[in-house]
Amino acid sequence: MDKITNDIWIGKRPPIPGMQFDTTVYSADDLFRASASYHRTFDNVYFLEEDLGSFKQWPLILDECLRLLNYSSSSITIRFFESPFLTVFHLKKFVLCWFDSKVEILSENISTDGCFVIKFQSKLSVESVDKRWSFGLLSDGSKTINAIQLYESIGRAKGDSDFEFIVCGPEITELLGKPNVKFVDIGHKFADRAWDTKKKNAVVDNASNENICIVTNCYLIDDNFFSGFEEFGYDFSILSVRQKMKDSDKRFPDWVTLGSNWAWTQVGVMDFRDYSQYAFCNGGLTIGKRKIFKKFPWNELLFSGQADDVEISRRMQEHSVITRINIKSSVSVIESRSDYVTIPLKYSQWQEVVPLDYSLQSKLMVGRSHKKFGVRPIGVFDRVRKGLDRRIYVLIKPVYDRFKLSLWPRVRPVLMKHFPKILEKVFVVKMRFSERKKF
């Protein structure tokens, strides 16, 4: 059936025949990313079929929903219950910052059971999408062969020389005279401290194109890099791509998180479907829009090894600039520290580690047993508990589904009024089943 409106329904059951609908936005298997052809397309987006508050990954979902708007007086309507993941003030702060305050609220309804339905209207002006690239290499003058191979890999993947290549560091003889190559010198101040934040800002200041990829001197661009972005889409703020070791195809830390906003914690590599509020964009390779890097420059008070990648990610997240992962494009790592390649998965039954709730705890904290907190090996009791947990889930799930559909809508208002503590316990159980279903 032909599309009859310029609206989109997020879900499987649009209320109007012929209305466009999409489920990839909240699908973990699709990494919460809609088709690139949908970006900046629709006048109205309706997220009403699902409960946004039931998703741990709600920032990725909401970010993607907002990217479907065509910006010119377009609107989004959102339904959610407040939860441990989402509150009304967090959502409204996210929306306000995402639109850079150029947004207004059109309506808000709250049902007796606490369900919010809120409609926002965009006041942003329409912007064109730029697909041109600037690549920045942070160099100290050593390993020039890596720089040459990087330049050649970009040209091979792109099929032409229509890109900008900025080397922040000493001139490299073999690259002199190559098309679109620039050399930028930041001087010798703090040369012994590897002043990468200064170099990254210098790359942005000298970049002519909107899409910027800044790398250290150990990466190669794979042949699928540009074709992957055509499929993923150019509507993004900051992201990473799939990374692997060149000689072994072993995964390199690309989609990563800490266990805290500001504490030194064990780094964890996440499953691509996963999300953490403590995620950050690994500083070895950072991709983003020039306007974003101009608005949030790197903190030049920080030197190498002082988590400048975490710090800039936190400042961006405070303003609803969400780090994403594009696995349709990839890069290869020529060399790296061995301990960095072996960072464990944050959630993993296959690598024999136990997930610690939704966060990894501080690697500097030591308990009474003098063992550091963090990822730990699976023991016998862990295996028994996990086995029982799975079997209990299989038995209870049908009963839970029936209860949710038939009795819960009638029971919930009574519990809210007379037994709020019981309701809180029920909600915890509900969130456990919800998380198992969605990831």
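The values are calculated or read from the model by the stated rules, or taken from the named source; none is laboratory data. All values reported here derive from a predicted model rather than from experimental measurement. Virtual Cβ from ideal backbone geometry, glycine too; neighbours counted across all protein chains shown. Heads up: the accessible areas ignore ligands, DNA and RNA and are worked out on the full protein's heavy atoms, side chains in. Shrake-Rupley method; radii C 1.70, N 1.55, O 1.52, S 1.80 Å.
Just one of the numbered conditions (1) in contact (Cβ under 8 Å) with a residue 40 or more places away in the chain; (2) farther than 25 Å from Gly228 by Cβ; (3) open to solvent by less than 80 Å² (accessible area, probe 1.4 Å); (4) among the β-branched types (Val, Ile, Thr) is not true of Ile154: (2). Among the residues of region 82-99, those that are among the aromatic types (Phe, Trp, Tyr) and open to solvent by less than 40 Å² (accessible area, probe 1.4 Å) comprise Phe85, Phe94, Trp98, Phe99.
Here region 167-207 is the region considered, the condition is being modelled with pLDDT of 95 or more, within 26 Å of the chain's Cα centre (by Cα) and not basic (Lys, Arg), and the residue that is most open to solvent (accessible area, probe 1.4 Å) is Asp205.
Taking residues in region 123-149 that are over 20 Å from Ile214 (Cβ atoms), and partners anywhere that are part of a strand (DSSP E or B), the pairs with Cβ atoms closer than 7 Å and at least 6 places apart or on different chains are Lys123/Val103; Lys123/Glu104.
Do we find a residue being among the β-branched types (Val, Ile, Thr), at pLDDT 95 or above and touching a Cys at 6+ places or on another chain (Cβ under 8 Å) anywhere in region 35-53? Yes, some residue in region 35-53 is among the β-branched types (Val, Ile, Thr), at pLDDT 95 or above and touching a Cys at 6+ places or on another chain (Cβ under 8 Å).
This table checks each residue for (1) in contact (Cβ under 8 Å) with a residue 24 or more places away in the chain; (2) under 22 Å from Ser304 (Cβ atoms).
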| site | (1), (2) |
| --- | --- |
| Ile166 | yes, yes |
| Glu174 | yes, no |
| Lys189 | no, yes |
| Val203 | yes, yes |
| Asn211 | yes, no |
| Tyr219 | yes, yes |
| Asp223 | yes, no |
| Phe252 | yes, yes |
